[in-house]
Amino acid sequence: MQRAALTGVCGPLRGGARPGPVVSWRLVCLFHTGLRAFAADKELLVKLRKKTGYSFVNCKKALEKFSGDSKQAESWLHEQAQKEGWSKASKLQGRKTKEGLIGLLQEGNAAVMVEVNCETDFVARNVKFQQLVQQAAAGTMFHHQGAKDQLTTYTKHFMKAADLSLLRTGPAGCLLSDQLALAIGKLGENMAIKRAAWVAVPATYYIGSYVHGALPADNPSLTNVALGKYGALVICQASEQSQKSKLADLGRRLGQHVVGMAPLSVGSLEDEPGGDTETKMLAQPFLLDPSITLGQYVQPHGVSVLDFVRFECGEDTEIPEAELTQQQEETAS
């Protein structure tokens, strides 16, 4: 049967002779070699597709262009995507970006919160977009790396889109503007790295944090950044009597309050208790127990609330020039 099949493909030899065992074996070897080469090419293609996220067609084109060299193919794909991304970015400029995510990154005595916008919630749930949010948070943290040491009071710094675009994602990282163009090229929507807030505190202070509507970290590379639609950072000072082990949970509850009640200022413990329209944080009904004010909640814990930052994705807001860089005076406990 095997010999007959091979004869049907190749045709009879001269004089009507049938191919002998040697000829048949060579054809079988060639057939299997071709299969192995095809399998190897397919494996390279799958690996390149998985690593870069580009389409199979573009990955195949890149591998063919560089004779199977995956490193050169990957580099070429990034270059092409960046060119295409910048082209798409200019075409899509002006389209509204009201969806997106808040990203929150906390490292030791410093925390960063960023807002990155897109056109649809569908893209906001794409891992490529979420990686862009992470890169924006990491770039902001890296930019302020040297400013968090030897602090005597807390520091709060805001950044606008124009400044954020010039940041790099790390010591040898890419510009955020280039990463933004790549994401636009891949996902085909207008996007914007809108704003960022960076906060750092000395050893006697701590930062409470909370993200609402948090998305599950499906990708292992996103586990260090919290993603959601609302975010809050709350700067506190703990007395010596406060229980250090409970500060993280307390900070989370304070963050929940800031997200839910949207205060405009901290206020003081001497303020009269207010109702649902109260804008001073300490005088507001505590979100998790409206029978008491937030001030009445924190006082027994030996904690002083000094400041906060609240981000809501898609909100219309302009950072006042006076608040772009803000160094607060130490508040006595």
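The values are calculated or read from the model by the stated rules, or taken from the named source; none is laboratory data. All figures in this text were calculated on a predicted structure; none of them were measured in a lab. Accessible surface areas use protein heavy atoms only, side chains included; no ligands, DNA or RNA. Shrake-Rupley method; radii C 1.70, N 1.55, O 1.52, S 1.80 Å.
The number of residues in the stretch 106-137 being part of a loop (DSSP other than H, G, I, E, B) and closer than 23 Å to Gln93 by Cα comes to 4. For the stretch 65-83, which positions are open to solvent by 90 Å² or more (accessible area, probe 1.4 Å) and at pLDDT below 80? Matches in the stretch 65-83: Glu79, Lys83. In the stretch 291-333, the residue that is nearest to Phe158 (Cα to Cα) out of those that are modelled with pLDDT of 95 or more and open to solvent by 80 Å² or more (accessible area, probe 1.4 Å) is Gln296.
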